[in-house]
Structure formats: C-alpha cells, structure tokens
Amino acid sequence: MSKYEAEIKRRRTFAIISHPDAGKTTLTEKFLLYGGAIAQAGQVKGKKNTRAATSDWMEIEKQRGISVTSSVMQFQYEGFCINILDTPGHQDFSEDTYRTLMAADSAVMVIDAAKGVEAQTRKLFKVCAMRDIPIFTFINKMDRESRDPFELCEELEHELGLDTYAMNWPIGCGKDFQGVYDRQNRKVIHFTSNTNARAATATEIEPDDPALADLIGQARRDQLVDEIELLDGASCDFDMDRVRHGKLSPVFFGSALTNFGVEPFLEEFLRMTTAPLPRRAGDEIIDSFDDDFSAFVFKIQANMNKAHRDRIAFMRVVSGKFEADKEVYHMQGGKKIRLSRPQQLMAAEREIIEEAYAGDIIGVFDPGIFSIGDTLCAPGKKFKFDPIPTFAPEHFQRIRSIDTMKRKQFLKGVEQIAQEGAIQIFKTPYTGMEEVIVGVVGTLQFDVLEYRLRSEYNVELYKEGLPYEYLRWIVRDDPDAPPLKEEDLLLPNDAKLVEDYKGNQLLLFAAQWSIQWVQDKNKDLKLAEF
Ligand code: GDP
C-alpha cells in the first residue's frame with residue numbers, strides 16, 4: 001500500500017449530534033484527551049462557556065470564531081486520523097448545522113440516559129437518515145439516575161425508526177453504576193473511578209466467575225444474568241451491513257464525565273467505521289482513493305473583518321490529496337484557482353496546512369467566489385457533486401427597511417446574505433418590492449442578519465415575527481403552469497402562500513395539523529418537504 005493510500009485508509013470523519021446538554025462537548029473532549037490533542041479536560045468546555053447569547057455582531061463573530069474552532073477538529077488516535085464535525089446547539093443552531101452533516105461519513109449520537117430522545121436529536125437524526133450514514137449511539141450520564149435501558153432502546157427504535165443493537169449493557173446506574181457487560185467478548189468490564197487518569201480503571205471479568213458477585217453484589221449479578229438473557233432473546237442479530245447503511249445502530253452505555261466506557265466506545269467505533277466514503281456526482285461515483293483531488297463546499301463563514309468582506313469556505317476533501325501549491329478547478333466558477341491560506345483545525349488551534357487527504361475538512365480563504373455545494377476538482381477531470389439539499393426554515397419574519405429610500409441597499413444586502421446560505425428569502429404575490437419574508441433554521445440568524453444589514457449596508461430594519469413553523473414546497477406537474485393564487489386553494493387562516501426568488505411556490509404553516517388539513521381539502525395539490 002502506498003503512503004497515499006495508507007493516509008486515506010486511516011481517516012475517519014464523523015459528526016457528533018445531540019440535544020444540548022446531553023454531553024457532546026464532554027465526550028468530544030475525552031476523545032481529544034485520549035488522542036493527546038489536548039492536555040487537560042476543560043479546554044474545549046472553557047471556550048464554550050464564554051459563548052453568551054447576544055445580538056452584538058462582534059460578539060456573534062467572536063462566538064462564531066469560537067464555534068469554528070470547535071466545529072471541526074482533527075486528532076490522532078492509535079494510528080487513526082480522526083476528523084470530528086461538531087454540530088452547534090442552542091441558539092446558534094442553523095442551516096449550517098444540517099449542512100455540516102453532509103460532510104460526515106457517520107454520526108455519533110449522544111443521548112442523555114435520563115432524558116432519552118429529545119427534539120434536537122430528532123432533527124439531526126432525520127438529516128443523517130436522509131443519507132443512510134451509520135449512526136452510533138452513546139447513552140451518556142449513566143453515573144446519574146437513568147431511565148431503564150430497555151426502555152431507552154425501545155424509544156430509539158420507536159421514535160427514530162432505527163433498529164438498535166446494544167453492544168454493551170449497563171450494570172446499575174447513578175452512584176451504583178459499576179460497569180458494563182461487553183456482549184461481544186462476553187466479559188464484564190468493572191470500572192473504578194479514577195478522576196485524574198485518562199480513563200477509568202477497567203477490570204475484566206467473566207460473567208460466570210464467582211468473583212463477580214463479590215465485585216458487584218449477588219443481586220446485581222443475578223439481575224445482569226437475567227437482563228442478558230432477555231437481551232439475547234429479544235434483540236435482532238448484529239449485522240454489520242445494516243450498521244453501515246444506517247439501519248441498525250450499535251448502542252453503548254457509559255459516562256463521559258467519569259470516563260466510564262468512553263475509550264472502549266471510541267475503539268469499537270473506529271473498528272466498525274470505514275475509511276472515507278465515496279460521493280455521487282450525477283451518474284459518477286467519486287471514490288476516496290481516486291488519484292485526483294476533489295472536494296465540495298459545505299459551509300461558508302462570514303469573516304470577522306468588516307473592512308474586507310471575505311469569508312472562509314469549508315470544504316470536505318472527497319478524493320485524492322490536496323496540495324497547497326497545486327491548481328484546482330472550480331466547477332461553478334469555471335476557472336482554475338489556487339486555494340489560498342488553506343487551514344485545518346487541530347483541537348484548539350488553527351493551522352495553515354500544506355496537504356490534506358480524502359476525508360479531511362479544510363477551510364480556505366474565500367474572496368466571495370464560492371457558494372454552498374460548489375465542486376473543486378482536478379483541472380483535467382470535471383464533474384459536479386450532487387447538490388446539498390436546502391433545509392426547511394423553522395422561524396419566519398417579515399422585514400423591510402425603516403428608511404424607504406434605502407430599498408435598494410436593503411434588497412441587495414438581503415439577497416447577498418441569502419446567497420451565502422445563512423437565510424432563505426421569500427415573497428408573497430402581494431408584497432411590494434420593499435418587503436421580504438425571511439426564513440431561518442435557528443433564530444440567531446435573525447440577529448446576524450440585522451447586524452450585518454446595519455453595519456455592511458447601512459440599513460435599519462423594521463421586523464415583524466410571523467407565526468409559521470413549517471414549510472412545504474408545492475410540486476407542479478406542468479412546469480409552465482401559471483403560478484397558483486391564494487384563491488385557487490382552500491387554506492386555513494394560519495397558512496400562507498409564498499414564493500422564493502426563483503419563482504418556486506410554497507406554503508407556510510403555523511401548525512403541523514394544518515398541513516394535513518390542506519392536503520385533505522386540496523386533493524390535487526402536491527406538497528414536498530425538501
Ligand atoms: P453538550 O451541550 O451536549 O455539549 O453537553 P456538555 O458536554 O456541555 O454537558 C452538559 C452538562 O452535563 C455539563 O455540566 C457536563 O459536565 C455534564 N455531563 C456531561 N457528561 C456527563 C456524564 O457522563 N455524567 C454526568 N453526571 N454529567 C455529565
């Protein structure tokens with residue numbers, strides 16, 4: 001195997017998804033700690049705590065700078081080169097969060113053992129499921145009172161429509177969380193808390209060893225034996241092929257905070273995942289091991305420096321090797337270019353890099369030429385990767401410039417920011433030129449929009465919140481049919497007909513049930529979610 005092949009083979013690129021507070025940061029930090037990328041716990045965390053919600057742009061930018069730093073991280077672990085894509089939570093949740101998932105080859109889903117599946121887990125899972133990527137579940141916080149493990153697995157299956165296979169089984173929870181039973185090796189791993197060490201001390205013992213009862217108590221031992229029997233009888237077979245296609249999720253129990261079960265999880269995860277996956281470009285499949293370089297842009301970050309409207313474009317290397325001094329072909333721009341100041345994020349720091357391989361994420365300086373989904377490839381081999389889907393916004397505002405004389409700047413600014421992919425814009429057949437409906441995935445984007453319009457375009461906004469939360473595209477069989485009017489449809493009061501700036505029509509709804517209502521009352525209407 002050439003060095004080149006070996007470099008690609010040892011790469012793993014995954015996203016880490018969860019509802020806020022489930023322990024994503026803590027788990028990531030432990031991974032970095034094991035890989036030696038950070039020296040002590042608290043480094044990633046410390047940064048996160050400085051993030052406060054505020055509508056001041058510089059503050060937002062500062063936060064965004066930090067969230068960039070912690071949004072893609074590379075570290076080495078036992079010969080593997082691992083790229084973790086973080087998916088920001090809380091108010092900086094945005095379309096970017098979803099797009100980031102397009103760059104991953106698998107996902108680690110962190111679940112709080114006391115809470116189970118939560119709203120944001122559900123949303124992020126849905127996007128992962130669209131691509132059928134493998135999903136590994138880590139049920140965290142077992143050192144606290146947790147829900148019944150059988151019930152948690154059932155909930156995953158029921159709520160997410162995903163089969164589960166418990167790789168290990170917890171012995172107790174809360175103060176009484178003593179370890180896990182490793183189902184594959186048929187061994188009990190008994191943990192002893194070890195606060196200062198890298199990992200908890202694990203003692204392995206056979207389940208039928210009489211010493212086990214001494215270690216965990218007779219009652220616990222008996223319960224474990226019963227539960228394992230139940231588990232073996234009830235669960236489906238472990239099928240690696242179904243894992244690889246995202247149909248069966250291996251489930252692990254542990255506690256990121258106390259290090260219980262984290263390292264075994266990381267090791268199993270690395271064993272079960274594959275080298276970077278190929279991507280589709282129309283009829284072609286672009287394999288990671290292809291000799292030629294290719295990449296796609298999945299995220300664009302406005303720069304902090306207001307004087308230069310430059311940005312950083314994040315791209316996922318799909319195939320081959322990226323070399324800083326080589327020219328690449330930008331398909332959408334129709335030009336050969338050199339990617340300038342390519343950088344990679346290594347745990348807490350950014351580094352300018354000379355080379356990167358399939359699976360890696362690089363950020364390059366963008367003078368304003370890239371858009372989300374753009375393809376970069378070798379000059380001799382041209383193709384376009386399949387586009388990144390647009391995700392439905394969940395919050396809407398009607399906005400206009402307070403000063404009607406600034407209509408032009410207003411529209412230019414709004415359109416430009418929409419082009420960067422931070423917001424989506426719509427109009428109604430009745431809105432005049434001066435008014436725009438803005439849709440976003442996370443509400444922080446409203447603040448960012450307002451600040452940028454003020455500081456970059458000198459426009460003060462009038463805004464009005466709209467009650468809509470759901471969006472469906474109207475699918476027309478005849479592309480030349482005249483646009484629908486509101487009077488052509490039977491709509492409840494809380495639904496609205498709008499169109500995007502490409503002329504596609506869609507409906508906004510305030511409540512989920514009205515979607516069904518509209519479908520029932522308008523039998524010929526075809527609605528699509530993405
Ligand atoms: P994130 O929002 O998903 O990134 O969650 P964090 O990693 O920031 O964790 C949220 C809170 O839960 C913090 O106070 C953590 O210290 C705590 N936490 C994380 N993992 C565990 C765990 O395994 N056990 C316990 N008891 N607390 C945890």
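Here are the numbers:
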read-out: Theoretical FRET efficiency, 1/(1+(r/R0)^6), r = Cβ-Cβ of Leu230 and Asp176, R0 25 Å, to 0.05; value: 0.80
read-out: On Cα atoms only, tilt of 119-130 relative to the major axis of the chain in degrees; value: 80 degrees
read-out: Approximate shape of the range 255-300 as ellipsoid semi-axes (Cα gyration tensor, √5λ), whole Å, largest first; value: 33, 14, 9
read-out: For Tyr357, distant residues with modelled amide H under 5 Å away; value: Phe322
read-out: The chain, relative contact order [Cα under 8 Å, separation at least 6], %; value: 14 percent
read-out: Convex hull volume of the range 456-524 per residue (C-alpha atoms, cubic angstrom); value: 127 Å³
read-out: The range 130-191, relative contact order in percent, only Cα pairs under 8 angstrom and at least six apart counted; value: 26 percent
read-out: Point-to-point label distance, Glu354-Asn504, nm (Cα→Cβ direction, 7 Å offset); value: 4.4 nm
read-out: Label-point gap, in nm, between Asp403 and Lys247 - each point 7 angstrom along Cα→Cβ; value: 6.1 nm
read-out: Spin-label pair Glu145/Ser193, simplified geometry with 7 Å Cα→Cβ offset, distance in nm; value: 1.8 nm
read-out: Convex hull volume per residue in cubic angstrom - Cα atoms of the range 199-328; value: 225 Å³
read-out: Cα-based helix-to-principal-axis angle, 218-234 vs the chain, degrees rounded to 10; value: 50 degrees
read-out: Cα-based helix-to-principal-axis angle, 57-69 vs the chain, degrees rounded to 10; value: 40 degrees
read-out: Sorted peptide list for 1-14, 157-170, criterion being average Cβ within 10 angstrom, highest first; value: 157-170, 1-14
read-out: Using θ = phi - 60° and Karplus 6.51 cos²θ - 1.76 cosθ + 1.60, couplings along the range 154-159 (whole Hz; Gly, Pro as x); value: 4, 5, 4, 5, 6, 6
read-out: DSSP bridge pairs, the chain: antiparallel proportion in percent, nearest 5; value: 80 percent
read-out: Phi-based couplings in Hz for the range 169-183 (Karplus 6.51, -1.76, 1.60; Gly and Pro marked x); value: 9, x, 9, x, 8, x, 4, 9, 6, 10, x, 9, 9, 7, 5
read-out: Shape category assigned to the range 105-231 from the gyration tensor of Cα positions, a/c cut at 1.5; value: prolate
read-out: Residues with amide H under 5 Å from that of Leu248, placed H, sequence gap 5 or more; value: Val243
read-out: Translational D in µm²/s for the range 122-167 (Stokes-Einstein at 25 °C, 0.890 mPa s, Kirkwood Rh from C-alpha pairs); value: 209 µm²/s
read-out: Highest to lowest packing among 473-481, 316-324, 403-411, 100-108, scored as the average C-beta count within 10 Å; value: 100-108, 316-324, 403-411, 473-481
read-out: Extension gain, Ile285 back to Ala511 (0.36 nm per residue minus Cα-Cα distance, nm); value: 77.3 nm
read-out: Residue-by-residue Karplus 3J(HN,Hα) for the range 477-494, coefficients 6.51, -1.76, 1.60, Hz, glycine and proline x; value: 5, 9, x, 8, 4, x, x, 6, 10, 4, 6, 6, 10, 9, 10, x, 4, 8
read-out: Inverse of mean 1/r across different Cα pairs in the chain, Kirkwood, Å; value: 25.1 Å
read-out: Viscosity 0.890 mPa s, 25 °C: Kirkwood-radius Stokes-Einstein D of the range 397-530 over Cα pairs, µm²/s; value: 156 µm²/s
read-out: Listed peptides 328-337, 435-444, 415-424, 22-31 by packing density, highest first (mean Cβ within 10 Å); value: 22-31, 435-444, 415-424, 328-337
read-out: Förster radius 51 Å - calculated FRET efficiency between Ala481 and Leu270, Cβ distance, rounded to 0.05; value: 0.45
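Each reported figure results from applying straightforward, stated rules to the coordinates on display, with no laboratory input. Being a predicted model, the structure only gives us computed values, none of them experimental. Neighbour counts run over all protein chains shown; Cβ positions are idealised from the backbone, glycine included.
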